[in-house]
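Okay, structure first, notes after.
The values are calculated or read from the model by the stated rules, or taken from the named source; none is laboratory data. On a predicted model such as this, the values are computed, not experimentally measured, just so you know. Note that we place each Cβ from the backbone using ideal geometry, even for glycine, and neighbour counts take in every protein chain shown. The accessibility values were calculated without ligands, DNA or RNA, using every heavy atom of the protein model including side chains. Shrake-Rupley method; radii C 1.70, N 1.55, O 1.52, S 1.80 Å.
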Amino acid sequence: DPPLPNVLIIGDAIYQQHARGASAELKDRANVQFAVWPKGVLPSSTNAIEHIDQLLGRKDQRGNPVEEDKWPTWDIIHFNCGLGDLIYCMPNINSHRVLPYDAGGVIRTDAQQYEKNLDTLVRLLKQKAPQARLIWASTTPIRHSRENVFKLGTEIEYNAIAAQVMNKHDVPINDMYTFAKGLIDMGKPAGHGVDPFFSIESRCIRR
């Protein structure tokens, strides 16, 4: 039998659970793995660039280089950076400390920098994994939150920016935003009961 293709999922912490579900469901069709972020690092476009070698498996979980003959070979890379860029944090510090926007918090990555970061990220992925097919995942909808660390609608603007970058580089888009929006109650505040994203995003990835 031919070897199964290797699939890497790069996303924020919530993707890890979905990656396990996708791995189990696709076990006879693909080897699915979730990219490991350094401990304490906010998954964002800026940090994806900085830690690209660790995400691709060229460095271990401690950040030490992996021997080149042991580097994984990826056939598909399904990636997203979004919510970590859209969260509001304390200004003028590098560490990840959320702060509501009505209390002086600032968005982690402004729109102009987000565009630059995604352009750089795509170029790095193509350079370091030229054999891989890249698939961008749009950011899922932001619902109302009492904590005020996200602003409603910002993901729409940033998804449009991402779409421009991906179209420029001929990277197909898994439109998780549209798929998820059709299945959830946008009027229900996030964090009440079981979050439907645990099943919705998993289904989006497996599509």
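Between Asn167, Ile49, Val32, whose Cα lies farthest towards the positive end of the dipole of the chain when Lys and Arg beta carbons carry +1 and Asp and Glu beta carbons carry -1, centred on the Cα centre?
Farthest towards the positive end: Val32.
So which residue, out of Asp119, Asp12, Asp102, gets the largest mean-square fluctuation from a GNM of the chain using Cα contacts under 10 Å as springs?
Greatest mean-square fluctuation among the candidates belongs to Asp102.
List the lysines whose alpha-carbon lies under 21 Å from that of Lys128, not counting same-chain residues fewer than 8 positions away?
Here the lysines satisfying the reach criterion relative to Lys128 are Lys59, Lys70, Lys116, Lys168.
Just to be sure I understand the curve: with the Debye formula and one point per C-alpha of the chain, what is log10 I(q)/I(0) at q = 0.09, 0.10, 0.11, 0.19 Å⁻¹?
-0.35, -0.43, -0.52, -1.56
Please report the accessible area of Thr178 (heavy atoms, 1.4 Å probe, ligands and nucleic acids excluded) in Å², nearest 10.
About 80 Å², ignoring ligands and nucleic acids.
Measure off 7 Å from each Cα along the Cα-to-Cβ vector at Met186 and Asn92, then give the distance between these two points in nanometres to one decimal.
Computed distance between label sites Met186 and Asn92 equals 3.7 nm.
Which of the trypsin sites (Lys or Arg not before Pro) found in the stretch 1-74 are loop residues per DSSP with 14 or fewer other Cβ atoms within 10 Å of their Cβ?
Lys27, Arg29, Lys39, Arg62
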